[in-house]
């Protein structure tokens with residue numbers, strides 16, 4: 001479904017991604033594991049169609065995103081959702097936040113009607129909040145949420161407009177076990193809805209719990225991609241084996 | 001010409017009953033409608049200039065804040081320098097522009113409210129632009145990234161940033177209004193501090209009236225007009241703060 005082929009990305013002369021290829025299909029969870037600073041976030045931003053790769057291509061269901069016109073690219077970008085490490089909620093209620101992705105896809109006449117209170121929040125807002133157990137907070141201001149609650153709302157915000165692909169960048173790195181469990185259940189729910197999910201994490205146990213396939217991203221690119229049990233139990237690449245076993249320390 | 005005592009104005013200014021026995025106020029008198037007319041001219045000129053400046057400055061600040069281009073720091077330096085630009089020099093430049101020899105000479109704007117608006121526009125624009133730019137630049141990058149990742153267009157992202165930065169923008173507008181309404185030198189040069197034969201202000205503002213009264217030794221009158229000016233500024237501040245708070249609730 002969403003595929004990056006031989007992408008390279010550099011910042012200030014430093015090569016962050018080098019000839020990297022990766023793909024996620026509908027209804028699967030792909031874990032991207034690797035140490036901090038190895039380029040996981042850059043990879044996800046490239047997959048989110050926010051960063052144009054210096055080299056290589058990104059395709060969504062066969063359409064080359066960066067070869068498309070601006071309007072087509074916006075339409076493609078709107079089929080991908082992303083949750084960041086920081087929740088970065090907007091100033092407003094929980095419902096206002098979760099509705100954002102739905103709102104920007106509507107014509108301006110509908111948006112104005114909603115702004116003046118002529119239209120209530122769509123059902124998808126409550127459904128998404130239900131996935132992360134936050135329906136009772138729909139009218140609460142985002143500033144009043146704990147960090148874990150904010151990240152759950154951030155997840156619901158990306159889920160609400162029913163994307164084809166959901167990209168999660170270290171979504172639980174700052175969360176307690178309870179909120180982490182809620183997010184992992186929500187990842188499972190996204191997979192059940194047929195959404196392709198990419199989870200970048202440095203928590204190998206989390207990747208083992210939630211991912212169908214795992215890509216190991218080390219300094220010199222993706223060393224190995226495969227089914228989760230194979231990557232963790234019987235990796236073929238020596239560097240992957242050392243990273244999984246903890247012998248390769250960063 | 002009938003005379004109108006200024007004392008009835010004081011309950012509004014001082015927030016209490018009129019104290020006719022105060023020796024300071026006994027000798028104060030103005031032509032009918034005089035005070036109202038200079039308040040009107042002050043507000044008309046300052047609010048129009050600030051409104052026009054806001055319409056110009058906020059988009060410019062967003063454009064500069066959102067863009068990366070060579071010379072961006074230079075542009076910021078120019079804007080910041082403009083905040084300290086001597087107002088009499090602005091007045092002289094505007095007077096030259098609207099004089100018979102100037103590029104706008106055919107518009108016959110010398111000693112008119114329109115020329116005063118031009119002068120105050122030039123004075124109010126640097127603080128409104130600079131403070132708005134600082135407010136926009138201070139919005140968390142994560143909020144912009146989230147708005148874009150959720151499918152927002154450039155306009156959608158700009159609207160989110162505007163909402164997040166609204167207190168800073170309100171401060172910018174108040175700073176611009178403060179500079180405009182308290183201005184003496186430039187409005188004196190381009191406006192001429194003129195009243196009609198009926199005593200009604202044509203281009204006389206509260207500040208130029210205060211300057212005139214003080215120069216003529218009418219200190220009590222100047223003090224009362226100063227109090228009216230302070231009351232006006234406080235009222236405008238209160239209105240802006242009130243609408244800012246309503247924005248949070250919404």
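The table below lists the values:
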item	result
Among (1) part of a loop (DSSP other than H, G, I, E, B); (2) touching a helix residue (DSSP H, G or I) at 6+ places or on another chain (Cβ under 6 Å); (3) closer than 17 Å to residue B:147 by Cβ - the single one residue A:121 does not satisfy	(3)
Out of B:233, B:241, B:161, sole residue that is in contact with a helix residue (DSSP H, G or I) (Cβ under 7 Å, 6 or more places away or on another chain), touching a residue at least 60 places away in the same chain (Cβ under 8 Å) and assigned to a helix (DSSP H, G or I)	B:161
Qualifying positions in the range A:52-68 - closer than 16 Å to residue A:1 by Cα, part of a loop (DSSP other than H, G, I, E, B) and at pLDDT 90 or above	A:61
Members of the range B:138-154 that are under 17 Å from residue B:65 (Cα atoms), within 7 Å of chain A (Cβ to nearest Cβ), touching a helix residue (DSSP H, G or I) at 6+ places or on another chain (Cβ under 9 Å) and part of a helix (DSSP H, G or I)	B:143, B:145, B:148
Which listed residue is surrounded by 22 or more Cβ atoms within 10 Å (Cβ to Cβ), on the phi < 0 side of the Ramachandran plot and either within 14 Å of chain A (Cβ to nearest Cβ) or at pLDDT 90 or above (or both), from B:158, B:135	B:135
Which listed residue is at pLDDT 90 or above, assigned to a helix (DSSP H, G or I) and either in contact with a strand residue (DSSP E or B) (Cβ under 7 Å, 6 or more places away or on another chain) or closer than 23 Å to residue B:37 by Cα (or both), from B:179, B:204	B:179
Verdict on residue A:121 being within 14 Å of chain B (Cβ to nearest Cβ) and free of Cβ contacts under 8 Å to residues at least 40 places away in the same chain	no
Failed condition for residue A:26, given (1) in contact (Cβ under 8 Å) with a residue 60 or more places away in the chain; (2) over 28 Å from residue B:154 (Cα atoms); (3) in a strand (DSSP E or B)	(3)
The listed residue being within 30 Å of residue A:14 (Cβ to Cβ), part of a helix (DSSP H, G or I) and within 11 Å of chain B (Cβ to nearest Cβ), out of A:49, A:43, A:76	A:76
Output for the range A:104-118, where each listed residue is part of a helix (DSSP H, G or I) and within 15 Å of residue B:159 (Cβ to Cβ)	A:108, A:111, A:112, A:114, A:115
Tally, over the range A:101-118, of residues that are within 13 Å of chain B (Cβ to nearest Cβ), without any contact (Cβ under 8 Å) to a residue 60 or more places away in the chain and closer than 27 Å to residue B:167 by Cα	10
Among (1) within 21 Å of the chain's Cα centre (by Cα); (2) under 26 Å from residue A:186 (Cα atoms); (3) surrounded by fewer than 20 Cβ atoms within 10 Å (Cβ to Cβ) - the single one residue A:66 does not satisfy	(2)
Verdict on residue A:178 being surrounded by fewer than 22 Cβ atoms within 10 Å (Cβ to Cβ), in contact (Cβ under 8 Å) with a residue 60 or more places away in the chain and under 21 Å from the mean Cα position of the chain (by Cα)	no
Single condition residue A:71 does not satisfy, out of (1) assigned to a helix (DSSP H, G or I); (2) more than 20 Å from residue A:163 (Cα to Cα); (3) more than 22 Å from the chain's Cα centre (by Cα)	(2)
Single match in B:234, B:212, B:229 (criterion: more than 29 Å from residue B:67 (Cβ to Cβ), surrounded by 20 or more Cβ atoms within 10 Å (Cβ to Cβ) and away from chain A (no Cβ under 14 Å))	B:229
Index of the failed condition, residue A:61 passing every other in (1) more than 9 Å from chain B (Cβ to nearest Cβ); (2) out of contact with any helix residue (DSSP H, G or I) (no Cβ under 7 Å at 6 or more places or on another chain); (3) free of Cβ contacts under 8 Å to residues at least 12 places away in the same chain	(3)
Residue within the range B:95-106 that is over 23 Å from the mean Cα position of the chain (by Cα), free of Cβ contacts under 8 Å to residues at least 40 places away in the same chain and within 14 Å of another protein chain (Cβ to nearest Cβ) present	no
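The values are calculated or read from the model by the stated rules, or taken from the named source; none is laboratory data. Since this is a predicted model, take the numbers as computed values, not measurements. Ideal geometry is used to build each Cβ from the backbone, glycine not excepted, and the neighbour counts take in all protein chains shown.
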